[in-house]
1. Taking neighbour counts of Cβ atoms within 10 Å as a proxy for exposure, in what order, fewest first, do B:95, A:95 appear?
2. Please report how far the C-alpha centroid of the range B:136-196 lies from that of the range A:36-65, rounded to the nearest whole angstrom.
3. Cα gyration tensor of chain B, axes a ≥ b ≥ c as square roots of the eigenvalues: rounded (a/c below 1.5), prolate (a/b > b/c) or oblate?
4. In deg cm²/dmol, rounded to 500, what helix-only [θ] at 222 nm does chain B give when every DSSP H run of at least 4 residues adds -39500 (n - 2.57) and the total is split over its residues?
5. Order these by the 10 Å Cβ neighbour count, fewest first: B:132, B:54, B:208.
6. In terms of the Cα gyration tensor, with a ≥ b ≥ c the square roots of its eigenvalues, is the range B:175-296 rounded because a/c is under 1.5, prolate because a/b exceeds b/c, or oblate?
7. Have a look at B:239, B:278, B:227 and tell me which one the Gaussian network model of chain B (Cα, springs below 10 Å) gives the largest fluctuation.
8. Quick check: the distance between the Cα centres of the range A:68-118 and the range B:259-301, to the nearest angstrom?
């Protein structure tokens, strides 16, 4: 019994003096196409994938670091979000080695003013990953430089869909909402028709 | 009698409209499955790459295309499988070449062939096939890949797997910091070279993930602040080393990025060590952060 007690005390002491297991941060990123050619006044969109290979989840926040004057940048999702191995949609698969990794899709929309002169412009954003609560927190940062090539003579077909992109973020939200409503409203209408037919059939049957 | 006819017609309309309301109608082309096949045929499946999500493949890396075919209802004869991609149309229409260097893909196997033979498949027998492809095409190009199964028995119709959409992308930046904090514990004011608790265990590791570009690591920090006593400790009081657990080899941290290590290859690890020179400050907990940045080789932090 005495030996067991000593052993237990040793185990407790060793456990107590060991440093607490810290959380790892695994953070993978890919900027798919860092240069987009558009006409003045239209919107360029960029796609960034982010993923983690380990179980621990952590918050990620994108911020705008540098943007030409009078340009607008929208990052979707806005604010911070939690990144884990099963991120919220939209997602794509990133093949790393032979491993299929589910990556979260981040969209960046860069709206150019209609008076923008021809030339290459840089927009800089960054992603910050990990926000612990210790005294000295360790985080990861990843910078992204997006190049927007403004060309008044750009072939609209060869841009990223300049006209549609003008309202890309808003367009997505609105059309997304409408698109979600259409099948529902169509189905609802059909159900209403079915119920009306059913009632009519019942009335006719009863009045025979 | 007339009402009975009207009633019947209405019920028929009701039955015919039900699938629309329940969303059962689909205009997608169905592929045979063991459940739905009533005639002998090839039930097929492509497991990788995904047929439902876009798959990003790093330029010049290899990936497997796996598919399987099951012979249902009756024997299927000799079955061959052909891997195709969409060279000239929206759907796979061309065999993936087996010549090294071909674009956008080539079969990266020693005895490579776009056609593989399953031999004679009897009823309920399954054949698995796979190809190792190299994504040799241009970055940011998107392709459709699928497998065509054919039988030498003319009564067995051909069958295609669903297509996989593959985008060829540049190398990525992925890294693991194996710690999310640095602990110095309690240090005395006006004391120097206080080692972080994990130094002796070589605890503070940063590793570059597989598939990553050649990457540069940078490091920076923020001043440590105690809002309760309204005091701060400059980040330059913290030093780091990327080589040895010796204070003499360390460099001061600053609020702007300084090099941690340049030109790392994938899976390469850097062990870091930290010390703090505690200035004469009021006792209390001080809070700050250290940020490690990974950028492609040669890019500015």
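1. Fewest-to-most ranking of B:95, A:95: B:95, A:95.
2. Their Cα centres are 16 Å away from one another.
3. prolate
4. -2500 deg cm²/dmol
5. B:132, B:54, B:208
6. Prolate, because a/c is 1.5 or more and a/b exceeds b/c.
7. Highest fluctuation of the listed residues: B:227.
8. Computed from Cα coordinates, the inter-centre distance equals 26 Å.
No lab work stands behind these numbers, since they all come straight from the coordinates. Small disclaimer: the values here were computed from a predicted structure and weren't measured. For neighbour counting, all protein chains shown are included, and Cβ atoms are generated from backbone atoms with ideal geometry for every residue, glycine included.
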